[in-house]
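Have a look at the structure below, then the notes.
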Amino acid sequence: MKHCIFGAGGFGRETLTCIIDIELANDGNSEPEVVFMVDDEFYTTDTIMNFPVIKRSEFDPKIYKVSVAIGDPKKRRAAVESLPQETVFATIIHPSAIISQWVTVGEGSIITAGVIATCGISIGDHTHLNLQTTIGHDCKIGDYFTTAPGTNISGNCTFGDNVYFGTNASAKDNIAICNDVIIGMGAVVVKEITEMGVYVGNPLRQLDI
């Protein structure tokens with residue numbers, strides 16, 4: 001099957017570089033068969049980085065396996081759920097990522113360069129782990145988890161669905177975070193989070209929005 005990247009923004013283009021690096025690591029002698037896909041109303045060009053762009057109305061699940069490269073967890077979930085039931089979702093792990101045999105990675109997840117996940121870790125479906133993210137032992141992570149570059153998660157953490165960590169954010173060990181939480185850039189999580197919302201700073205505080 002050809003590879004379809006749903007989303008043509010920055011992370012979509014970074015996902016393409018992961019796919020190319022995987023092909024090169026596997027001694028590929030040709031460019032992988034990849035297309036970008038956007039919703040029809042956002043179609044403005046027929047190529048990105050010299051790879052074709054198709055409209056959503058042109059998508060055929062019999063031809064393409066899909067990586068949904070939309071950064072916002074809730075928008076990513078909506079995109080996944082809008083695709084045909086028979087869609088095949090590809091899991092991408094960059095060759096430089098260190099993911100041990102004692103880690104399970106959910107379908108449709110994208111793990112980029114420099115990520116480290118040690119042992120006893122379960123990672124949910126359609127997760128994005130961005131550059132240099134680290135995840136310690138015995139973490140349980142829900143679906144649509146997302147990290148920006150440089151996120152550091154200590155051991156024995158449990159996160160719900162749709163949790164987002166900003167660049168250089170971190171969590172100490174034995175932390176639980178509920179669904180639908182955004183952790184801001186550089187924030188430090190040292191206590192359980194039981195209420196959805198946006199949290200920033202060190203010490204961490206919830207924004208009133």
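Can you confirm whether the stretch 7-18 contains a residue that is over 23 Å from Ile98 (Cα atoms) and either touching a helix residue (DSSP H, G or I) at 6+ places or on another chain (Cβ under 6 Å) or buried (at least 17 other Cβ atoms within 10 Å of the Cβ) (or both)? Scanning the stretch 7-18 turns up at least one residue that is over 23 Å from Ile98 (Cα atoms) and either touching a helix residue (DSSP H, G or I) at 6+ places or on another chain (Cβ under 6 Å) or buried (at least 17 other Cβ atoms within 10 Å of the Cβ) (or both).
Taking every residue in the stretch 165-194 that is in contact (Cβ under 8 Å) with a residue 40 or more places away in the chain and pairing it with any residue that is surrounded by 14 or more Cβ atoms within 10 Å (Cβ to Cβ), at least 6 positions away or on another chain, the pairs with Cβ-Cβ distances below 9 Å are Asp180/Pro73; Asp180/Gly160; Asp180/Asp161; Asp180/Asn162; Asp180/Val163; Asp180/Met196. The sole residue among Asp138, Asp208 that is surrounded by fewer than 16 Cβ atoms within 10 Å (Cβ to Cβ) and either more than 26 Å from Ala78 (Cα to Cα) or without any contact (Cβ under 8 Å) to a residue 24 or more places away in the chain (or both) is Asp208.
Report whether or not Asp161 is assigned by TED's automatic domain parsing to the domain that holds Val103 and either assigned to a strand (DSSP E or B) or among the charged types (D, E, K, R) (or both).
Values: assigned by TED's automatic domain parsing to the domain that holds Val103: yes; either assigned to a strand (DSSP E or B) or among the charged types (D, E, K, R) (or both): yes.
Yes.
Answer with yes or no whether Asp173 is surrounded by 17 or more Cβ atoms within 10 Å (Cβ to Cβ) and either assigned to a loop (DSSP other than H, G, I, E, B) or over 20 Å from the mean Cα position of the chain (by Cα) (or both). The answer is no for Asp173.
Which of the following residues is farther than 17 Å from Cys139 by Cα, surrounded by 18 or more Cβ atoms within 10 Å (Cβ to Cβ) and not hydroxyl-bearing (Ser, Thr, Tyr): Ile110, Ile121?
One residue alone meets the criteria, Ile110.
Working only within the stretch 58-95, note down all residues that are more than 19 Å from Asn179 (Cα to Cα), exposed (fewer than 14 other Cβ atoms within 10 Å of the Cβ) and of a type in the set (Gly, Ala, Ser). Ser82, the sole residue that qualifies. Within the stretch 18-40, at least one residue is over 25 Å from Leu131 (Cα atoms) and touching a strand residue (DSSP E or B) at 6+ places or on another chain (Cβ under 7 Å). Beta carbons closer than 7 Å, at least 6 apart along the sequence or on distinct chains, pair a first residue in the stretch 11-28 that is over 11 Å from Ile92 (Cα atoms) with a second that is of a type in the set (S, T, N, Q) and buried (at least 17 other Cβ atoms within 10 Å of the Cβ) for Glu14/Thr112. For the stretch 170-178, indicate whether the set of residues that are of a type in the set (Ser, Thr, Tyr) and within 24 Å of Lys75 (Cβ to Cβ) is non-empty. No, the stretch 170-178 has no match at all.
The values are calculated or read from the model by the stated rules, or taken from the named source; none is laboratory data. Values in this document were obtained by computation on a predicted structure and should not be read as measured data. Virtual Cβ from ideal backbone geometry, glycine too; neighbours counted across all protein chains shown.
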